Amino acid sequence: MEAALASTPGGVNTSLRRISPPLVIVSAQGATITDADGNSYIDYHAAFGPIILGHNFEAVNRRVREVMQRVDLVGVGTTDLEIELARKICQHVPSAEAVLLCNSGSEATYHALRLARAVTGRKKVIKCQGCYHGWHDAVAMNVISSAEKVGQWDPLSRGSLTQVQAETLVCGFNSIEDVKKAVADYPGEIAAIIVEPIAHNIGCVLPKPGFLEYLRRASDSEGIVLIFDEVVTGFRHGLGGYQKICGVTPDLTTLGKAMANGFPMAALCGKHKLMERFNTSPGGDVFFAGTFNGYPVGCAAALATIEVLETGGVYKHIFELGERMRRGLSEITSRSGIPATVAGYGSTFITYFMEGPIESYVDLLRNDQELFTSYRQALMKRGVLKLPLNLKRNHISFSHTNADIDRTLEACEDVLNDLACRGRLVSQSENK
Ligand SMILES: Cc1ncc(COP(=O)(O)O)c(C=O)c1O
């Protein structure tokens, strides 16, 4: 880490990789990652979500090696791999009539918003407090905000253009009232509503029945482009994304992360009528470009990942392990006497240190942030990696086993007992 610090600001290449204790990873295989000191961890961080099959998954790596023997980046026309991948996405994702490939979720959401502004001729967009859609100015705001900042513009970065951010309206996730008000306050001015169909950047907050349906109806009646940002949910919860599960079809969808099991690959897809405005089509007037878009290694990785997901066993396995983990954690936390709520969907899970119900970001302000982080730091000492940063979700991959879950639950119980014991000692000494 000292060597990293010498040449990289903070020693890491994305801000949320800077954790305490610091980690320098030298290998990753299946459900396990190993650091430079030889410590192994059962990995639930999954690189923020891409690792759905497991690290270094052979079927994906094999396909990548094969394609490397045949073709690398050519950057002209298209390739058989890009055609096949776009077809697969159209086959599975309900909103996908046409697809454009890029390399990160941020690029996909950027293009989605630009397209929405172009087709509507409007400027404003609605996002929800607690949702993250990437690092660009229009959306890099109001994710994990402090209590004082909720209800105000809360940019993630200095240097962002306030003129851009002023066009973004922030509503509460699950708040039909907020969206209704924003739409009523700015009639004919809203280009897009962008939303994570499950608010996964604050752990796992599910949409209340009727919320996504309302967004669909409001978008239809007001001529707004509805964008589901399925960068986390797409492929992780099902081949058709969460839209297939909830039955609400957006106009545009962004995909990334689990799509290629750890190789950089992302997509923007949606209705032909909208997608044809990109200048990849003759006469299109919305700029779309990227030197590495649709690169063969990423396409091969995505195709191999999707083929493994299509074989059926993956979702059954990861959903069952998710259920086993959530059930186990609920039992452990209630035995510990520490106020906690276990949440999650499918292969994702999280323990919030607070009582429920949890329906919005504001509810999560009651989470005991210090306990949340120290619990995870203690788990790292026991060989379990859940990112020790507030509200970050955990992921299970196809390579995790029942034994991994049970070992994890044991470690969680040990740590919680320690913490409960320490808490009791502190309150006893305070009462003396
Ligand atoms: C829902 C969602 N959208 C977009 C992004 C941005 O993706 P990337 O980090 O690949 O740019 C993320 C990243 O965490 C995300 O969670």
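This model, with +1 at the C-beta of Lys and Arg and -1 at the C-beta of Asp and Glu, gives region 71-310 a dipole about its Cα centre of some 380 debye. A cut-off of 5 Å between modelled amide H atoms, ignoring neighbours fewer than 5 places along the same chain, links S399 with G54. Of the solvent-accessible surface of the chain, computed with a 1.4 Å probe over protein heavy atoms with every protein chain present, carbon and sulfur atoms account for 52 percent.
Listed by chain and number, the lysines whose alpha-carbon sits under 18 Å from that of K271, ignoring those within fewer than 8 places in the same chain, are K88, K244. Between R87 and E310, full extension at 0.36 nm per residue minus the direct alpha carbon distance yields a gain of 78.9 nm. A dipole drawn for the chain from +1 and -1 charges on Cβ atoms has a positive end, and of I126, T34, Q69 the residue lying farthest that way is I126. Peptides 46-58, 222-234, 388-400, ordered by how many other C-beta atoms sit within 10 Å of their residues on average, highest first, read 222-234, 388-400, 46-58. Accessible surface comparison of R63, R407, probe 1.4 Å, protein chains only, largest first: the order is R407, R63. Using 0.36 nm per residue and subtracting the Cα-Cα separation, the extra length available between W153 and M68 on full extension is 26.0 nm. Which ³J(HN,Hα) values, rounded to whole Hz and listed in residue order, are derived for region 127-134 from phi using the Karplus coefficients 6.51, -1.76 and 1.60 in 6.51 cos²θ - 1.76 cosθ + 1.60 with θ = phi - 60°, glycine and proline given as x? Calculated HN-Hα couplings, in order: 10, 10, 4, x, 8, 10, 10, x Hz. Say we join alpha carbon atoms closer than 10 Å with springs in a Gaussian network model of the chain; which of A260, A184, A218 then has the biggest fluctuation? The residue that fluctuates most here is A184. Averaged over residues, the count of other Cβ atoms within 10 Å places the peptides 109-115, 240-246 in the sequence 109-115, 240-246, highest first. Each residue of region 206-223 is assigned a 3J(HN,Hα), and the resulting list reads 6, x, 6, x, x, 5, 5, 4, 5, 4, 5, 5, 5, 5, 4, 6, 9, x Hz, derived from the Karplus form 6.51 cos²θ - 1.76 cosθ + 1.60 (θ = phi - 60°), x at Gly and Pro.
Computed from backbone phi, the HN-Hα couplings of region 370-383 come to 5, 5, 3, 6, 5, 4, 6, 5, 5, 5, 4, 5, 9, x Hz, rounded to whole numbers (Karplus: 6.51 cos²θ - 1.76 cosθ + 1.60, θ = phi - 60°; Gly and Pro given as x). Under a 5 Å amide H cut-off, with hydrogens placed 1.01 Å from N, V384 pairs with I42 among residues at least 5 apart or on other chains.
Taking 0.36 nm per residue of sequence separation and removing the Cα-Cα distance, the S146/Q369 pair yields an extension gain of 79.1 nm.
Taking the alpha carbon gyration tensor of the chain, multiplying each eigenvalue by 5 and rooting it gives semi-axes of 35, 28, 20 Å, largest first.
Modelled label positions at S7 and N402, each set 7 Å beyond Cα in the direction of Cβ, lie 4.7 nm from each other. Computed from the alpha carbon positions, the gyration tensor of region 4-105 leads to an equivalent ellipsoid with semi-axes of 32, 17, 16 Å, biggest first. Between A59 and A166, what is the label-point separation in nm under the 7 Å Cα-to-beta-carbon projection? Inter-label distance under the simple model: 5.2 nm.
For the peptides 76-83, 4-11, 316-323, the ranking by packing is 316-323, 76-83, 4-11, with the highest mean count of neighbouring Cβ atoms within 10 Å listed first. Accessible area per residue for region 71-310, computed on protein heavy atoms with a 1.4 Å probe, is 38 Å².
The values are calculated or read from the model by the stated rules, or taken from the named source; none is laboratory data. Everything numeric here is computed off the predicted structure, so don't read it as measured data. Note that each Cβ is placed from the backbone with ideal geometry, even for glycine, and that neighbours are counted across all protein chains shown. Quick note on the areas: whole protein, heavy atoms, side chains included, nothing else; ligands and nucleic acids left out. Shrake-Rupley method; radii C 1.70, N 1.55, O 1.52, S 1.80 Å.
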